[in-house]
1. Please state the relative contact order of the range 6-117 as a whole percent: Cα pairs under 8 Å, 6+ residues apart?
2. As a test, work out the antiparallel percent of DSSP beta bridges whose residues both lie in the range 6-117, rounded to the nearest 5.
3. Using modelled backbone amide H atoms (1.01 Å from N, in-plane), which distant-in-sequence or interchain residues come within less than 5 Å of ILE34's amide H?
4. Percent relative contact order of the chain, based on C-alpha pairs within less than 8 angstrom and at least six residues apart?
5. Within straight cross-link reach of LYS28, meaning Cα distance under 29 Å, which lysines are found once same-chain residues fewer than 8 apart are removed?
6. Can I get the semi-axes of the chain's equivalent ellipsoid? Compute them from the C-alpha gyration tensor as square roots of 5 times the eigenvalues, in angstrom, largest first.
7. Name the GluC sites (Glu not before Pro) in the range 6-76 that are in a loop by DSSP and that have at most 14 other C-beta atoms within 10 Å, would you?
8. Where does each of 125-135, 27-37 land if you order them by average Cβ count within 10 Å, highest first?
Amino acid sequence: MFPSHCKEVSVKSVDFELTAENIKAFLKGKRAYIRTRYYVFNNGDQWAVALIVRREANEVLQDIASVHILSLPHETSFVGDPNLEVLSASRMGAIREKAGTKCVVVKGKAEHVSFFIEEPPYELLVFDVVPPRPSKLVSLLGHVLETDLQDMYVKFEVQEVDLNSLGAGASAGTVMYPCRASGLTTGRRVLYLDETPALAKEEARAITLVGCSLSARIFKAVYGIEPKLVNMCPKDLLGERGVRTPVLVKCCKVREGFETEGNIGLVPWGARAAEVSEALRTILR
């Protein structure tokens with residue numbers, strides 16, 4: 001369970017023992033703000049959480065009709081960190097898992113307070129090539145989970161294919177990549193296909209292209225020969241691993257938006273946050 005917004009949470013510091021009976025007695029006969037759905041109670045280092053049901057009325061303060069205890073001190077931990085985003089279910093879910101209790105109350109950015117009660121996450125695999133590090137998909141995913149997908153608790157694993165390792169294993173002395181990327185260091189002579197360097201046919205034959213079927217077609221169109229290819233296509237490499245969980249992966253054949261193949265979400269090589277968000281909502285649900 002996770003509040004849709006910290007505006008739904010009212011925090012009360014009290015001087016009584018945080019038992020179910022005491023909390024219900026404290027709220028009995030009281031009124032709550034129209035946006036309030038939850039009360040977080042604090043007494044020293046003890047915390048508890050309750051859900052309320054308001055008696056609807058055309059008033060800013062409404063009678064509390066019933067109280068449901070969600071978490072008591074023995075099953076509630078507290079984390080205070082001004083760098084934490086309490087509006088992100090994924091961030092809050094990870095904090096709760098680390099805390100190891102049924103519930104975690106968090107005071108984060110701007111002293112906003114919210115809580116997260118144990119629930120199963122959406123499982124996701126992010127499969128990408130590096131460098132750069134972190135990979136583009138991982139960076140985009142982190143942004144999306146704290147913005148567009150704040151309401152979804154996503155727990156993801158990252159699997160990476162190192163382009164430097166692929167290049168270092170090439171038989172030819174010269175390696176060509178489709179384009180430049182920060183962190184590409186193979187210890188060899190490196191060229192980039194998108195710069196279309198002028199090469200004699202003998203020079204082109206001596207090159208190993210670390211790329212995909214599309215870059216191989218471009219290479220042939222430019223130099224007139226089939227390249228020696230080391231396949232770096234994330235989609236192809238993923239297929240060799242037999243992954244069953246939902247997967248987010250880049251594909252240069254997707255020009256814009258996203259495509260799905262079963263539980264695989266394919267986004268463009270130059271994906272935008274909105275495309276990642278839409279792909280995830282589709283494959284996770």
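1. 23 percent
2. The antiparallel proportion sits near 65 percent.
3. Long-range HN contacts for ILE34: GLN62.
4. Answer for the chain is 12 percent.
5. The reachable lysines, counting only those whose Cα sits under 29 Å from LYS28, are LYS7, LYS12, LYS102, LYS107.
6. 54, 17, 14
7. Taking the range 6-76 and a limit of 14 other Cβ atoms within 10 Å, the loop GluC sites (Glu not before Pro) found are GLU17, GLU56, GLU59.
8. In decreasing order of mean packing, 125-135, 27-37 become 125-135, 27-37.
Each value in this text was obtained by applying a stated rule to the coordinates, not by laboratory testing. What you see is a predicted model; the values in this text were computed from it and never measured. FYI the Cβ positions are ideal-geometry reconstructions off the backbone, even for glycines, and counts take in every protein chain you see.
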